[in-house]
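S.K.: Handing you a structure now.
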């Protein structure tokens, strides 16, 4: 196992403190654990500190230890054991983790490492001249079928070539949005070029079960016994029900209801059942003249934004008001099952719709994508 030590004292900051939002989050996280078990929050607190400052400092370790009433050495053991904690400053715009495990190596990860050495720094964990980029080689990142791949923060970039990684590094350096996930024409980890088998859904045959004759006969007999057949004489003698004549009040009410049904505009929901069923055409009525940058929602890149726009989804307010049924149908149309709820698009969109980037930072403690 590699030896991991804290950065030299000359690069260590003099102090550490969570910002207001992260401090509130940290207290809520600690409160999740039973009394006497608060030390279980050490990993999430260290990770939150790293997301805030970019790396785990000596003062950060001491601060977390004080919050959890732990000896400093115990928190230091955690920080130096888990390799996801960065113990020295990394790139401020991107720290690129290149997977070097066997599947990625067989698919060209060595070429990706050469790109990082040439464009960032010859040594891992060392930043470029401007301090904006750094890199390291890591073990399996869990997307072997889309090898080779790299990870930046919590996002993976898969099916890479050396040329595409060079472009990604330049895009991070320029502060541009970078396409997340596979970088070729495939859906998630599906075969390249789309499905070639099971492309048709077979018709479902429903077999009707006939009722038992004996039971039917018994039911018929029972009904006949309960309700005797009326004779012509009985029909003639039976009193006729009075026929209600339409009053002016009833006629007026019916006309008003019919008029309201014709003039009430349709809500901005699914246009038609057919449009959703055959997966063509917009699902929503896009607000006239309004269009938000949906890429600010974490998990939405240029490709997904275009697909959402094609469905008639152009504003944060629409995303914030998704129902469970609409989430399932949008998931199906995007072919991105579970992404909406996993990244909590609704909460992100609600914050962005309420107050833009400032509200987003207040709620999530970081800038929107």
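The values are calculated or read from the model by the stated rules, or taken from the named source; none is laboratory data. Treat the numbers as computed from the prediction; the structure is a model and nothing was measured. FYI the Cβ positions are ideal-geometry reconstructions off the backbone, even for glycines, and counts take in every protein chain you see.
S.K.: Within the set of pairs 6+ apart or on separate chains, which have a first residue in the range 194-217 that is closer than 30 Å to residue 182 by Cβ, a second that is in a loop (DSSP other than H, G, I, E, B) and at pLDDT 65 or above, and C-beta atoms under 9 Å apart?
M.R.: Within 9 Å, the pairs are 194/185; 194/186; 194/187; 195/187.
S.K.: Which condition does residue 106 not pass, out of (1) crowded, with 16+ Cβ neighbours inside 10 Å; (2) in the same structural domain as residue 155 (by TED's automatic domain parsing), if it passes all the others?
M.R.: Residue 106 satisfies every listed condition except (1).
S.K.: Out of the range 155-180, which residues are at pLDDT 95 or above, closer than 12 Å to residue 133 by Cβ and not in a helix (DSSP H, G or I)?
M.R.: Across the range 155-180, there are no qualifying residues.
S.K.: Of the residues 90, 42, 64, which is in a loop (DSSP other than H, G, I, E, B) and surrounded by 20 or more Cβ atoms within 10 Å (Cβ to Cβ)? Don't jump to the end; show me each part of the working.
M.R.: Details: 42 fails: in a loop (DSSP other than H, G, I, E, B); 64 fails: in a loop (DSSP other than H, G, I, E, B).
Being in a loop (DSSP other than H, G, I, E, B) and surrounded by 20 or more Cβ atoms within 10 Å (Cβ to Cβ) holds for just one of 90, 42, 64, which is 90.
S.K.: Just for the range 67-87: of the residues that are part of a loop (DSSP other than H, G, I, E, B) and in contact (Cβ under 8 Å) with a residue 40 or more places away in the chain, which one is nearest to residue 130 (Cα to Cα)?
M.R.: Narrowing the range 67-87 to residues part of a loop (DSSP other than H, G, I, E, B): 69-71, 82-87.
Pick out the ones that are also in contact (Cβ under 8 Å) with a residue 40 or more places away in the chain and you get 83, 87.
Values: 83: 25, 87: 19 Å.
In this case the residue turns out to be 87.
S.K.: In the range 6-18, is there at least one residue being out of contact with any helix residue (DSSP H, G or I) (no Cβ under 6 Å at 6 or more places or on another chain), at pLDDT 95 or above and either under 28 Å from residue 136 (Cβ atoms) or buried (at least 16 other Cβ atoms within 10 Å of the Cβ) (or both)?
M.R.: The answer is yes, given that some residue of the range 6-18 is out of contact with any helix residue (DSSP H, G or I) (no Cβ under 6 Å at 6 or more places or on another chain), at pLDDT 95 or above and either under 28 Å from residue 136 (Cβ atoms) or buried (at least 16 other Cβ atoms within 10 Å of the Cβ) (or both).
S.K.: I'd like the full set of residues that are within 30 Å of the chain's Cα centre (by Cα) and buried (at least 20 other Cβ atoms within 10 Å of the Cβ), limited to the range 114-136.
M.R.: 116, 133, 134, 135
S.K.: If you don't mind, there's one more thing I want to ask. Is it the case that some residue within the range 117-128 is within 26 Å of residue 303 (Cα to Cα) and assigned to a loop (DSSP other than H, G, I, E, B)?
M.R.: Here is the first cut: in the range 117-128, the residues within 26 Å of residue 303 (Cα to Cα) are none.
Looking through the range 117-128, none of the residues is within 26 Å of residue 303 (Cα to Cα) and assigned to a loop (DSSP other than H, G, I, E, B).
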